[in-house]
1. Please state which of the following conditions B:Thr116 fails to meet, knowing it meets all the rest: (1) of a type in the set (Ser, Thr, Tyr); (2) within 26 Å of B:Pro173 (Cβ to Cβ); (3) surrounded by fewer than 24 Cβ atoms within 10 Å (Cβ to Cβ); (4) touching an Asp or Glu at 6+ places or on another chain (Cβ under 7 Å).
2. Can you find a residue that is charged (D, E, K, R), under 30 Å from B:Ile121 (Cα atoms) and crowded, with 24+ Cβ neighbours inside 10 Å anywhere in the stretch A:99-111?
3. Given the criterion assigned to a helix (DSSP H, G or I), touching a residue at least 60 places away in the same chain (Cβ under 8 Å), surrounded by 15 or more Cβ atoms within 10 Å (Cβ to Cβ) and of a type in the set (Val, Ile, Thr), identify the matching residue among B:Val19, B:Val61, B:Val95.
4. Condition first: without any contact (Cβ under 8 Å) to a residue 12 or more places away in the chain and in a loop (DSSP other than H, G, I, E, B). Now tell me which residues in the stretch A:170-188 satisfy that.
5. With respect to B:Asp40, is the statement that it is within 17 Å of the chain's Cα centre (by Cα), in a strand (DSSP E or B) and acidic (Asp, Glu) true?
6. Of all residues in the stretch A:20-56, which are at pLDDT 95 or above and in contact with an Asp or Glu (Cβ under 6 Å, 6 or more places away or on another chain)?
7. Looking at the stretch A:64-76, which of the residues that are on the phi < 0 side of the Ramachandran plot and surrounded by 16 or more Cβ atoms within 10 Å (Cβ to Cβ) is nearest to the other protein chains (Cβ to nearest Cβ)?
8. Could you count how many residues in the stretch B:119-161 are buried (at least 24 other Cβ atoms within 10 Å of the Cβ), facing another protein chain (nearest Cβ under 7 Å), under 23 Å from A:Asn74 (Cα atoms) and of a type outside the set (Phe, Trp, Tyr)?
Number of protein chains: 2
Amino acid sequence: MRIVIVGASGTMGTYLADVLEGEGHELIRTSRSAKEIQVDTTSTQSIEAMFEKIGPFDALVTTAGETFVGPWKNLNDQNFKKGIEGKMMGQINLVLIGQHYINPKGSFTLITGALTHEPQINFANASAVNGAVESFVKAAAIELQNGIRINAVSPSVIENSPHYFPYFPGEIPTTMKQLEYLFRKSLFGAGTGNIIKP
Amino acid sequence: MRIVIVGASGTMGTYLADVLEGEGHELIRTSRSAKEIQVDTTSTQSIEAMFEKIGPFDALVTTAGETFVGPWKNLNDQNFKKGIEGKMMGQINLVLIGQHYINPKGSFTLITGALTHEPQINFANASAVNGAVESFVKAAAIELQNGIRINAVSPSVIENSPHYFPYFPGEIPTTMKQLEYLFRKSLFGAGTGNIIKP
């Protein structure tokens with residue numbers, strides 16, 4: 001399977017790409033700092049250029065998406081855009097543009113997180129944009145043609161990012177192995193429009 | 001109770017304002033076309049000016065928010081902004097700015113809709129921004145101070161908007177009376193962070 005990973009230089013992306021590559025899949029690793037194919041998902045031109053370089057593919061996984069993290073009192077219209085551009089429209093545009101490049105029966109797997117339904121102090125921007133992505137996934141699932149599927153993986157705080165633990169009191173971390181399973185369900189299962197959780 | 005209704009010239013806003021006013025509440029009706037206090041919720045300056053004019057209040061209800069409705073093939077980064085500015089950030093900014101004007105123990109009631117979880121063809125933009133607003137409501141509920149509450153009312157297709165029925169096959173319309181109850185639960189109940197459905 002020819003699999004594009006956007007955000008391949010991050011913790012999740014690197015782990016997942018290594019595992020899948022080890023199984024014989026062709027992995028195309030893209031990120032803002034990737035050596036071969038760079039992409040800035042806040043730019044539709046950059047996304048378009050990425051797909052032109054890559055050509056046809058069978059699956060796209062995104063593990064990227066910045067949001068504004070900080071005190072509620074500092075949250076405003078301006079810094080709300082960080083999540084809208086970074087995690088919401090970045091991922092949505094990968095689908096809206098990528099649908100013209102992906103092979104029939106291909107799949108998109110986006111990333112959200114437990115904050116959609118379990119908010120934490122400082123993370124309102126992430127909650128909102130996660131909610132947007134999850135509802136978009138459900139809507140896109142009934143619109144995409146040619147058997148193309150779409151799902152979101154929604155982990156809790158990631159085991160390999162312990163610096164986040166203090167901000168997620170009581171949340172059972174998602175291990176990298178669990179995360180791998182979540183992505184496998186979207187990549188190799190038949191489901192579409194699902195929010196896949198640990 | 002001093003209640004601000006944003007979108008007071010629409011079907012829902014007019015109905016709700018009339019009912020509540022009939023019970024003796026003080027209603028401040030605002031919209032893009034309102035006679036006394038106009039507001040364009042896509043502009044933070046306009047929102048700020050509205051609150052300056054109104055002064056302290058006990059509750060704010062929004063029933064306004066435009067989205068892009070149309071064929072999936074026409075959906076792109078540009079027209080996605082219609083929902084982001086109209087229904088998502090419009091409502092979020094009413095809260096982020098309005099929290100500095102609302103009385104202690106006041107409440108915000110935003111509007112979403114069944115499309116968050118039950119998508120329909122042509123409405124992906126609305127689904128996404130509804131999802132954003134619902135998750136924002138959950139996050140804001142744990143951040144707002146002074147006992148200020150926040151909820152979203154999420155009706156199905158509205159009985160008084162029959163021109164939408166063909167786009168919502170099989171969806172049981174929400175009557176105006178039901179809608180009134182949903183808003184009452186947020187306005188006069190004690191709950192916060194809830195998505196209130198028929």
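1. Looking at each condition in turn, B:Thr116 falls short on (3).
2. No, there is no match, as no residue in the stretch A:99-111 is charged (D, E, K, R), under 30 Å from B:Ile121 (Cα atoms) and crowded, with 24+ Cβ neighbours inside 10 Å.
3. B:Val19
4. A:Gly170
5. no
6. Residues satisfying the conditions are A:Leu27, A:Thr42, A:Thr44, A:Ser46.
7. A:Trp72
8. 8
The values are calculated or read from the model by the stated rules, or taken from the named source; none is laboratory data. From a predicted model like this one, the values you see are computed outputs, not experimental measurements. Positions of Cβ are generated from backbone atoms using ideal geometry, with glycine treated the same way; all protein chains shown enter the neighbour counts.
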